[in-house]
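Laboratory data are not the source of any read-out in this text; all were calculated from the coordinates shown. This one's a predicted model, so the numbers in the text were calculated from it and none came from an experiment. Note that we place each Cβ from the backbone using ideal geometry, even for glycine, and neighbour counts take in every protein chain shown.
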Amino acid sequence: MIKIDSHQHYWQFNEQDYGWMGENMSAIRHDFFPADLIPELRSIGFDGSVAVQARQNLQETNWLLKLADENPHIKGVVGWVDLCSPDVDEQLRAFAQHPKAVGVRHVIHDEEDVNFILRPDFMRGVKQLEKYELAYDILIFPKHLPNTLEFVKQYSEKQIFVVDHIAKPLIKDGIISPWKEQITELGKHPNLYCKVSGMVTEADWNNWSPENIKPYLDVVFEAFGPNRIMIGSDWPVCLVAGKYAKVMGVVTDYIARLSESEKAKVLGGNALSAYKIKI
């Protein structure tokens with residue numbers, strides 16, 4: 001069984017690039033490099049990870065690919081390219097040449113335009129991903145789910161989509177609808193996977209428990225099933241709410257009821273499939 005943390009980040013901290021890290025996030029307001037994650041992976045018996053972009057520029061993407069060259073535990077990179085650019089095909093061609101380039105992401109939930117995901121230029125850019133066999137990671141808030149449902153309908157089932165952080169439901173407030181109904185509808189598309197990641201940071205950072213998160217896990221496991229769900233930590237962002245092993249333990253404990261083959265898929269097999277990672 002190959003175990004892969006499907007969602008983590010690296011960065012060299014500075015105020016300009018990471019202005020979203022408020023003073024209440026002191027636990028992560030410093031540098032994080034591969035050497036910091038490797039002991040955490042080993043502590044829970046994981047073999048590697050997928051490094052995901054945290055800044056929206058090509059320098060970030062190239063830096064992550066360089067880290068992947070230097071660190072065998074990085075099994076794939078989800079980078080950023082300017083999907084709205086007239087030169088998107090050229091950018092994707094350069095990115096896809098790297099053997100560890102597996103997907104692209106844009107931080108939709110930070111866009112002022114709530115309809116950004118339906119912009120014609122953005123959608124044209126996403127359409128180019130299929131020929132390079134790159135997945136697209138969907139990073140949204142629940143308010144973006146109606147538009148996301150329309151968005152995914154525009155693409156061939158050959159285009160793989162991965163929903164990050166179960167679309168960030170309002171766990172802290174205990175609100176489950178209409179997120180529940182909309183994420184269930186999204187799960188009907190067979191080319192969509194879902195990362196059970198980033199959940200603790202949507203809960204009460206200082207007072208959450210696995211019981212707070214279980215109702216949301218119940219929904220996504222019902223909607224996507226163990227064949228299209230992948231575990232992810234969202235490290236180091238998750239450190240504002242708990243240590244790595246505790247965060248990952250929410251999911252590993254939850255799936256204890258599954259068969260061994262289903263566990264293997266959630267813990268790594270689905271990441272290998274969705275991102276076409278070659279081990």
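About the Cα centre, and with charges only on the beta carbon of Lys, Arg (+1) and Asp, Glu (-1), how big is the dipole of region 197-279? Nearest 20 debye, please. Intermediate results must be reported in sequence, preceding the final value.
Details: 9 positive and 9 negative charges, 85 e Å.
With Lys and Arg at +1 and Asp and Glu at -1, about 400 debye.
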About the Cα centre, charge dipole magnitude for region 52-145 (Lys/Arg +1, Asp/Glu -1 at Cβ), debye: 260 debye
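Only sites in a loop by DSSP and with at most 15 other Cβ atoms within 10 Å count here; which GluC sites (Glu not before Pro) in region 120-193 make the cut?
Working: sites: Glu130, Glu133, Glu150, Glu157, Glu181, Glu185; in loops: Glu133, Glu157.
The qualifying sites are Glu133, Glu157.
Counting Lys and Arg as +1 and Asp and Glu as -1, each charge on the Cβ, what is the dipole of region 4-274 about the Cα centre in debye, to the nearest 20? Intermediate values should be presented prior to the final figure.
Values: 27 positive and 38 negative charges, 137 e Å.
The calculated dipole for region 4-274 is roughly 660 debye.
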Residue-wise HN-Hα coupling along region 8-13, computed from phi with Karplus coefficients 6.51, -1.76, 1.60 (Hz; x: Gly, Pro): 8, 10, 10, 7, 10, 5
Cα gyration tensor shape of region 130-249, rounded if a/c is under 1.5, else prolate or oblate by comparing a/b with b/c: prolate
Loop-located trypsin sites (Lys or Arg not before Pro) in region 168-221 whose Cβ has at most 16 other Cβ within 10 Å (DSSP): Lys172, Lys188
In region 1-87, GluC sites (Glu not before Pro) in a DSSP loop with at most 10 other beta-carbon atoms within 10 Å: Glu15
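Starting from the Cα gyration tensor of the chain, take the square roots of the eigenvalues, sort them a ≥ b ≥ c, and report rounded, prolate or oblate (rounded when a/c is under 1.5, otherwise prolate if a/b is larger than b/c, else oblate). Don't skip to the end; give the middle numbers.
On the way: a/c = 1.25, a/b = 1.11, b/c = 1.12.
Verdict is rounded for the chain.
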Scattering profile of region 189-279 at q = 0.10, 0.19, 0.22 Å⁻¹ [log10 I(q)/I(0), Debye over alpha-carbon scatterers]: -0.25, -0.88, -1.12
Top positive-direction residue, dipole computed over the chain with Cβ charges, set Asn147, Ile38, Ala271: Ala271
Under 5 Å, built H, 5+ apart or other chain: amide partners of Gly198: Asp234
